[in-house]
1. At a 10 Å Cβ-Cβ cut-off, how would you order Val291, Val23, fewest neighbours first?
2. Could you list, in their original order, any pairs among Lys144/Lys185; Lys174/Lys328; Lys140/Lys174 whose Cα atoms are separated by more than 28 Å?
3. List nothing, just return the count: lysine pairs in the range 228-303, 8 or more apart or interchain, with Cα separation under 23 Å.
4. Ranked by Cβ crowding within 10 angstrom, fewest neighbours first, how are Val176, Val183 ordered?
5. Indicate the gyration tensor shape class of the range 228-303 (rounded, prolate or oblate), computed on the Cα atoms with a ≥ b ≥ c the square roots of the eigenvalues: a/c under 1.5 is rounded; otherwise a/b larger than b/c is prolate and the rest oblate.
6. For the range 180-278, what relative contact order do you get, as a whole percent, if you take Cα pairs closer than 8 Å and at least 6 residues apart?
Amino acid sequence: MSFTNDPHTPSPLSLQQVLKGLVAWYRHLWSQRKKIALGTLLVLLLTLSYNYLKSPVYAATTTFVLEHDQGPEMGGGLSSLISLSGINLSGMMGGGTLFQIDNIQQLYRSHNMLRKTFLSKANIQGTEVLLLARFAQAEKLDKKWAKKQVYLQDFSQGAPLTRAQDSVLKTAIKTVTTHFLRVAKPGRKSTILELGFDHQDEGLAKAFNETLVRNVSQFYQQTKTLKTATNLRMLQQQADSIKQALDTSLDRLARLDEALPNPNPLVKTSRLPYQKALIDVQTHSAIYQEVAKQLELAKVAHRNRQPLIQPIDQPVLPLEHNRWKFLKTLFIGLFAGLLLMVLGLSLERMIREALASDPSQTKH
């Protein structure tokens, strides 16, 4: 039984054929070296032009760490001492789950905090400006808003906002949360939070970032210390009231003592007002000592709630931007241009050879 070779069946490639193909490919590229050089130079020029003609986007970033809530375990012996004094430390310290790091992230994206930030003024390049006005000018929204009868100077007067003003402000907040604001954790289990604001206006990026961090920190501190501050204020009022009553009873005791410099020991009733005044002084003194002790412990508990947010890194001018450095741009442009020209010429050669070897294209 004999086998015949099918002329249409391709034979396996040998090493010699592969080497010949590579040499032919290299010679083809070498013959097109001027075209490759011109194409590479063109891509390089386009890359340089794009990098330096585009407006850079500046990144203002603040990183900070959140304190863990220690709750009733705070201070060890101090907690026991406060409990023995009759103070509910758990109620004073507040819940420990209100401001976990995930909730803080949502707080930075909240409408209320961004609204307050937009309506805040900041010093940008020595000028006090409304952040909403600066943002509208940077995004070229001021003329668009003017067509809706909304003018930037109306926001800085402190008057209640109209429906139209609320509408454009809501649009600005949505734009910021979608395109410019970054809130993230570097690690899944990390307690470090990173807040970023990216914008082509360097001054706006830095000012908006710092103002938003400040507004959220103030809200965070006021909310976390609300219960301890209320308890501290009530104890302070009680202490002041009892101290005033103690001073009054001391003054009354002194006057009664002066009125009887040499009391008759046989007349017992003459000493009765003095003894009553002395009991009042002792009672007020004991109450004042207890309230004063609780007041000092409440001050300690209130101080232990602060600070709540500890900054690590803050934005410093000049801010980092997305524009490449010259050497990096040069390398990327040369590499991309060379790669594109080589791939393009190689693909052109492969298509031409495939068409030349197609039997349907051969004339008999």
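Rule-based calculations on the coordinates, nothing more; no lab input. This structure is a prediction, so every number in the text was calculated from the model and none was measured. Glycine also receives a Cβ, built like all others from the backbone with ideal geometry; neighbour counts cover every protein chain displayed.
1. Details: Val291 18, Val23 10.
Result, fewest neighbours first: Val23, Val291.
2. Details: Lys144/Lys185 36 Å; Lys174/Lys328 35 Å; Lys140/Lys174 16 Å.
Where the Cα-Cα span goes over 28 Å, the pairs concerned are Lys144/Lys185; Lys174/Lys328.
3. Values: Lys243/Lys276; Lys243/Lys293; Lys243/Lys299; Lys268/Lys276.
Pairs that pass both the separation and distance tests number 4.
4. On the way: Val176 20, Val183 17.
Taking fewest neighbouring Cβ atoms as first place, the list is Val183, Val176.
5. Since a/c reaches 1.5 and a/b is larger than b/c, the shape of the range 228-303 is classed as prolate.
6. 14
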